[in-house]
Amino acid sequence: MGIVFDIKEFAVHDGPGIRTTVFLKGCPLRCAWCHNPEGFSPEPQVMTGPAGTRTVGQTYSSDELAARLNQLAEVLQANEGGVTFSGGEPLLQAGFVAEVIDRLDHLHVLLDTCGHASEQDFRLVVSRSDLVFYDLKLMNPVEHRRWTGADNTKILRNLDVLSGMDVPFVVRVPLVPGVTDTDENVAAVAERIRGLPGLRRVDLLPYNKGAGGKYKACGMDFRPSYDESAKPRVNPAPFEGAGIEVHVR
Ligand code: SF4
């Protein structure tokens with residue numbers, strides 16, 4: 001069994017083609033800029049908004065979820081799309097995600113992960129995926145812990161595992177003003193990923209000011225200690241200098 005907090009059909013920004021995106025509940029990190037706080041806890045939770053109260057987090061068996069995803073298989077395949085597993089962090093439910101993938105009708109699978117997982121769980125799902133979106137936030141381990149709640153040891157180790165697995169991947173860097181968008185951090189990311197086998201490109205994701213929108217509904221405070229009103233610095237030069245294709249999203 002697994003727990004899911006949303007399923008988005010006909011998504012066009014979560015990978016190639018038209019996709020169904022599954023948001024798995026639970027995340028080991030607590031990024032200060034996260035805009036999906038309902039994905040933090042691995043348990044169902046109540047959200048309260050203008051339209052009333054609802055419980056977020058639906059339990060599925062792998063058969064049930066795969067059956068739902070397979071309903072759209074023809075449309076997804078005709079539009080060169082597939083299924084994206086996102087979250088939260090899908091690898092927190094790695095066994096469940098692997099079981100779902102094994103039941104899909106030959107659909108393209110994209111894993112969208114922060115990489116903070118055991119190597120065993122990481123290999124279990126990546127080996128079943130066609131493409132990986134891999135988040136890299138901060139290269140400095142102390143800063144990484146300060147802003148996400150955990151250091152980046154597992155993330156950097158799994159990056160090396162990923163580059164040895166013959167599965168193409170895209171590195172995604174959220175550009176948070178004064179936190180991740182510094183020249184020092186961006187240059188360190190470019191240096192770390194330069195020449196990695198399997199790397200297709202880098203996506204730079206400028207900070208979205210609406211990040212705090214759902215916290216109140218979840219009964220949480222959103223008080224970021226970075227300057228939300230500042231414009232993130234978008235500097236693709238270190239990646240271009242390292243011969244890496246860059247997209248700004
Ligand atoms: S890894 Fe993603 S889902 Fe988890 S806290 Fe960070 S931004 Fe949110």
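FYI, it's all coordinate maths here, none of it is from the lab. Please read all numbers here as calculations on a predicted model, not as lab measurements. Because the Cβ atoms are built from the backbone with ideal geometry, glycine has one as well, and the counts that use them run over all protein chains shown.
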- Message: Report the Rg/Rh value for the stretch 94-168, based on alpha-carbon coordinates and the Kirkwood definition of Rh.
- Response: 1.02
- Towards the positive end of the charge dipole of the chain, with charges on Cβ (+1 Lys, Arg; -1 Asp, Glu), say which of Pro174, Ile7, Ser61 has the farthest Cα. Pro174
- With an 8 Å cut-off on Cα pairs and a minimum separation of 6 or more residues, tell me the relative contact order of the chain in percent. 18 percent
- Item | Entries in Lys25/Lys231; Lys25/Lys154; Lys154/Lys231 that, when Cα-Cα distance is taken, lie over 23 Å | Lys25/Lys231; Lys154/Lys231
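Sort Val234, Val56 so the one with the fewest other Cβ atoms within 10 Å of its own Cβ comes first.
Details: Val234 13, Val56 21.
Starting with the residue having the fewest Cβ neighbours, the order is Val234, Val56.
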- What Cys residues in the chain have no fellow cysteine's beta-carbon under 4.7 angstrom? Cys27, Cys114, Cys218
- Item | Beta bridges by DSSP in the chain, antiparallel share as percent, to the nearest 5 | 30 percent
- Note on the structure: A correct Karplus calculation of ³J(HN,Hα) over the stretch 61-78, with 6.51 cos²θ - 1.76 cosθ + 1.60, θ = phi - 60°, whole Hz and x for Gly and Pro, returns 7, 5, 5, 5, 5, 4, 4, 5, 5, 5, 4, 9, 3, 5, 5, 5, 5, 5
- In terms of the charge dipole of the chain, which places +1 on Lys and Arg and -1 on Asp and Glu at the beta carbon, the residue among Gly95, Pro206, Gly115 farthest towards the positive end is Pro206
- Message: Can you tell me which aspartates and glutamates have their Cα less than 13 Å from the Cα of Lys209? Leave out same-chain residues fewer than eight positions away.
- Response: Asp227, Glu228
- Can you give the charge dipole size of the chain about its Cα centre, rounded to the nearest 20 debye, using +1 on the beta carbon of Lys and Arg and -1 on the beta carbon of Asp and Glu? 580 debye
- Note on the structure: Long-range alpha-carbon pairs in the stretch 2-248, meaning those over 29 Å apart, account in percent for 28 percent
- Task: In whole Hz, with x marking every Gly and Pro, tabulate ³J(HN,Hα) for the stretch 145-161 from phi via Karplus 6.51 cos²θ - 1.76 cosθ + 1.60, θ = phi - 60°.
- Result: 5, 4, 9, 10, x, 8, 7, 9, 4, 5, 5, 6, 5, 5, 4, 5, 4
